[in-house]
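Report on one structure; see the data block that follows.
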Amino acid sequence: MSIEEKIIIGAGELFKKYGIRSVSMDDIARHLSISKKTIYQYYKDKDEIVSLSLKKHLEYEKQEYDQIFNNTNNAIEELVNVSKCMRQDFRDMKPSLIFDMQKYHPNAWKIWLSFKNEYIKNQVMENLKRGMAEGYFREDINPDILARLRVELVQLAFDEDVFPADQYNLRDLQLQFFNHFVHGIVTEKGRKLYQKHINSENSNQHK
């Protein structure tokens with residue numbers, strides 16, 4: 001791995017754990033056991049590192065989700081596997097991450113909005129259409145409206161004005177939102193299959 005890549009990955013680990021604003025260039029240097037001068041040889045400022053570390057993270061997420069979308073038997077299995085991925089992604093993530101991006105790093109914020117409003121929304125919409133065709137999701141839902149609702153729910157969990165970080169766990173919030181969303185769109189056939197997957201997963205966890 002090149003030094004440039006190490007800096008981006010290392011900085012991303014710190015941003016995820018502590019938020020962006022509270023992590024300084026000194027913190028990144030200390031975390032990687034290199035000098036701050038070395039970082040500035042490759043990157044002009046923290047803003048550039050934030051944007052590049054976000055791009056790197058989203059590329060990894062896209063690979064994960066594409067693998068799910070291309071290797072599932074039905075829309076319910078797709079949802080369950082996406083839920084597992086989300087649990088991993090949000091396990092140690094600092095809720096202030098999104099707010100820090102929005103307020104202090106407009107370039108990174110544009111990258112996030114593009115990913116959310118294009119890639120995630122389109123994948124949710126395709127899943128909804130697939131589930132409707134398979135009979136697992138209700139016929140009367142509007143895939144476009146509900147896909148937009150879903151991506152906004154993901155972002156809502158990061159809003160500390162609504163869900164203060166000292167009172168709510170980000171991972172738990174995302175799972176509550178996810179389960180609420182699923183139960184609002186499934187038919188009885190879909191609900192039974194979804195519950196079967198959840199029961200199987202819970203059973204495996206307790207083995």
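The values are calculated or read from the model by the stated rules, or taken from the named source; none is laboratory data. Fair warning: this is a prediction, and the values are worked out from it, not measured in the lab. Cβ: placed from backbone, ideal geometry, glycine included. Neighbour counts: every protein chain shown. Remember, those area values only see protein heavy atoms, side chains included, never the ligands or the DNA or RNA. Shrake-Rupley method; radii C 1.70, N 1.55, O 1.52, S 1.80 Å.
Ordering 82, 177, 200 by Cα displacement along the dipole of segment 72-207 toward the positive end leaves 200 in first place; charges were set at the Cβ atoms of Lys, Arg (+1) and Asp, Glu (-1). Remark: the residue 37-residue 148 segment gains 35.6 nm on full extension, using 0.36 nm per residue and subtracting the alpha carbon distance.
Quick one: pull the percent of accessible area on the chain belonging to carbon and sulfur, 1.4 Å probe, ligands and nucleic acids left out. Provide the component values of the computation, followed by the final result.
On the way: 5660 of 11660 Å².
About 48 percent, which is the carbon plus sulfur part of the accessible surface.
Dipole magnitude for the chain: about 280 debye, using +1 per Lys or Arg Cβ and -1 per Asp or Glu Cβ, origin at the Cα centre. The distance from the alpha carbon centre of segment 135-173 to that of segment 61-126 is 12 Å, rounded to a whole number.
When you have a sec, figure out the Kirkwood radius of segment 95-207 from all distinct Cα pair distances and drop it here in Å to one decimal? Display every interim value, and only then the final one.
Numbers: mean 1/r = 0.0633 Å⁻¹.
Taking every pair of different Cα atoms in segment 95-207, averaging 1/r and inverting gives 15.8 Å.
Solvent exposure of segment 40-174 amounts to 54 Å² per residue of accessible area, where only protein heavy atoms count and the probe is 1.4 Å. Here the 3J(HN,Hα) profile of segment 172-185, calculated from phi with Karplus coefficients 6.51, -1.76 and 1.60 at θ = phi - 60°, is 5, 4, 4, 5, 4, 4, 4, 5, 4, 4, 4, 5, x, 10 Hz, Gly and Pro shown as x. Here segment 14-107 is treated with +1 on each Lys and Arg Cβ and -1 on each Asp and Glu Cβ, and its dipole about the Cα centre works out to around 480 debye.
At a threshold of 8 angstrom on Cα-Cα distance, excluding pairs fewer than six apart, so keeping six or more, what relative contact order does the chain reach in percent? Before the final figure, lay out the partial values.
Working: 179 pairs, mean separation 47.7, N = 207.
Relative contact order comes out at 23 percent.
Taking the charge dipole of the chain about its Cα centre, with +1 at Lys and Arg Cβ atoms and -1 at Asp and Glu Cβ atoms, the residue from 97, 42, 2 reaching farthest to the positive side is 2.
With springs connecting C-alpha atoms under 10 Å apart, model the chain as a Gaussian network and identify which of 26, 89, 140 has the largest mean-square fluctuation. The residue with the greatest mean-square fluctuation here is 140.
For segment 1-61, a crude dipole built from +1 on the beta carbon of Lys and Arg and -1 on the beta carbon of Asp and Glu, taken about the Cα centre, is about 180 debye to the nearest 20.
Non-local lysine pairs in segment 74-207, meaning eight or more places apart or on different chains, with alpha-carbon distances under 21 Å, amount to 16.
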